[in-house]
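Colleague: Got a structure here, written out as structure tokens. Questions coming.
The values are calculated or read from the model by the stated rules, or taken from the named source; none is laboratory data. Quick caveat: nothing in here was measured; it's all calculated off a predicted structure. Quick reminder, even Gly has a Cβ in these numbers, built from the backbone with ideal geometry, and neighbours come from all protein chains shown.
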Amino acid sequence: MTSDRVSDNLGEDCPVFDNLFEFCQIYAGGTIDAARRLNNKLCDIAINWAGGLHHAKKCEASGFCYINDLVLGILELLKHHARVLYIDIDVHHGDGVEEAFYFTDRVMTVSFHKFGDMFFPGTGDVKEVGEREGKFYAINVPLKDGIDDTSFNRLFKTIISKVVETYLPGVIVLQCGADSLAGDRLGCFNLSIDGHAECVRFVKKFNLPLLVTGGGGYTKENVARCWTVETGVLLDSELPNEIPENEYIKYFSPDFSLRIPNGHIENLNSKSYISTIKMQVLENLRCIQHAPNVQMQEFP
């Protein structure tokens, strides 16, 4: 491996492979184009399931992520919107996006993730709130193993409701990493597909321009199930539980259904722990006096 590759963090969890640059062009370009379509009011919801690679940094790859398409998409949205809200429900902390906007109030980042036990990437404590102009505009909701639908959805709705009320975003970016599902090879939560999709449904109800991406997910058949259900949610289309015959049907045996069983990992998130995290986050939000404004200019 050359010294350049080492400095770019290529190798190990970010290996070099044939057509890597084309791969990056496709998924990053998809998110940028989605943002442009929202800016130009060609749609009110844009989806790029290939995007959501939230760990990549300005000068290095990280955690299976080569280019941070989310950051590029948000920068595009900032050309037309004073405030962008970024929400991340991947099991891993959205560190790359948070780092990019840690010093600005024009982007609020909210990440719900597993934290502790040296879990990758090791960041995302509730005390990490941003700095300088960005102080209190980075929100982290650190969770423990085994959180279930009821606990996650209640916490998500409480926090996101207050965030939208306080921050008044012009557009929302939602990263839907599917490794927070029960049974994921690298995850440790108990979320069902319906529980995960409930977050998407809730965010959609704000009726703000919405850019939705994929993210992590390492039990591939469940990733496909999840993002299929969530596409249906975004399109207001109720999908049958039975998967129709197709060339990939064998991967969804033995029951060939969209839903998956709930997980059975012990839920280490006690009511008192969740209450403490919720109160800390809401207290931080109270430190924001008003939604920030910015000098805007007309675009041709």
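Colleague: Scan (1) of a type outside the set (Lys, Arg); (2) modelled with pLDDT of 95 or more; (3) not in a helix (DSSP H, G or I) for the single condition Met279 breaks and write down its number.
Modeller: (3)
Colleague: Go through (1) of a type outside the set (Gly, Ala, Ser); (2) out of contact with any helix residue (DSSP H, G or I) (no Cβ under 7 Å at 6 or more places or on another chain); (3) surrounded by 14 or more Cβ atoms within 10 Å (Cβ to Cβ) and name the single condition Ile47 misses.
Modeller: (2)
Colleague: How many residues are farther than 17 Å from Phe101 by Cβ and either under 15 Å from the mean Cα position of the chain (by Cα) or at pLDDT below 95 (or both) when one looks only at region 160-178?
Modeller: So the answer is 4.
Colleague: Another question about this same structure. Just checking, which of Arg225, Arg259, Arg201 is charged (D, E, K, R), surrounded by fewer than 19 Cβ atoms within 10 Å (Cβ to Cβ), within 24 Å of Leu70 (Cα to Cα) and touching a helix residue (DSSP H, G or I) at 6+ places or on another chain (Cβ under 7 Å)?
Modeller: The conditions single out Arg201.
Colleague: Additional query: Considering every residue within region 39-60, establish whether at least one is without any contact (Cβ under 8 Å) to a residue 24 or more places away in the chain, in contact with a Lys or Arg (Cβ under 9 Å, 6 or more places away or on another chain) and outside any helix (DSSP H, G or I).
Modeller: Yes.
Colleague: Okay, moving on. Please tell me if Asp105 is over 17 Å from the mean Cα position of the chain (by Cα), surrounded by 17 or more Cβ atoms within 10 Å (Cβ to Cβ) and within 20 Å of Lys271 (Cα to Cα). Can you show your working first?
Modeller: Values: over 17 Å from the mean Cα position of the chain (by Cα): yes; surrounded by 17 or more Cβ atoms within 10 Å (Cβ to Cβ): yes; within 20 Å of Lys271 (Cα to Cα): no.
When the stated conditions are applied, Asp105 does not pass them.
Colleague: Any idea how many residues of region 102-143 are basic (Lys, Arg) and part of a loop (DSSP other than H, G, I, E, B)?
Modeller: The number of residues fulfilling the criteria is 3.
Colleague: Just a yes or no: is a residue in region 81-94 over 15 Å from the mean Cα position of the chain (by Cα) and either farther than 30 Å from Asn40 by Cα or surrounded by 18 or more Cβ atoms within 10 Å (Cβ to Cβ) (or both)?
Modeller: Scanning region 81-94, I find at least one residue that is over 15 Å from the mean Cα position of the chain (by Cα) and either farther than 30 Å from Asn40 by Cα or surrounded by 18 or more Cβ atoms within 10 Å (Cβ to Cβ) (or both), so the answer is yes.
Colleague: I'm trying to understand the selection: among the residues of region 207-247, which are polar (S, T, N, Q) and either assigned to a helix (DSSP H, G or I) or within 14 Å of Arg259 (Cα to Cα) (or both)?
Modeller: Scanning region 207-247 gives Thr219, Asn222, Thr228, Thr231, Asn241.
Colleague: On to the next question. Can you name the residue in region 149-165 that is of a type in the set (D, E, K, R) and within 29 Å of Pro292 (Cβ to Cβ) and, of all such residues, is surrounded by the fewest Cβ atoms within 10 Å (Cβ to Cβ)?
Modeller: Glu165
Colleague: Just to be sure, is Pro254 surrounded by fewer than 21 Cβ atoms within 10 Å (Cβ to Cβ), free of Cβ contacts under 8 Å to residues at least 24 places away in the same chain, of a type outside the set (Lys, Arg) and assigned to a loop (DSSP other than H, G, I, E, B)? Break it down stepwise before answering.
Modeller: Working: surrounded by fewer than 21 Cβ atoms within 10 Å (Cβ to Cβ): yes; free of Cβ contacts under 8 Å to residues at least 24 places away in the same chain: yes; of a type outside the set (Lys, Arg): yes; assigned to a loop (DSSP other than H, G, I, E, B): yes.
It is true that Pro254 is surrounded by fewer than 21 Cβ atoms within 10 Å (Cβ to Cβ), free of Cβ contacts under 8 Å to residues at least 24 places away in the same chain, of a type outside the set (Lys, Arg) and assigned to a loop (DSSP other than H, G, I, E, B).
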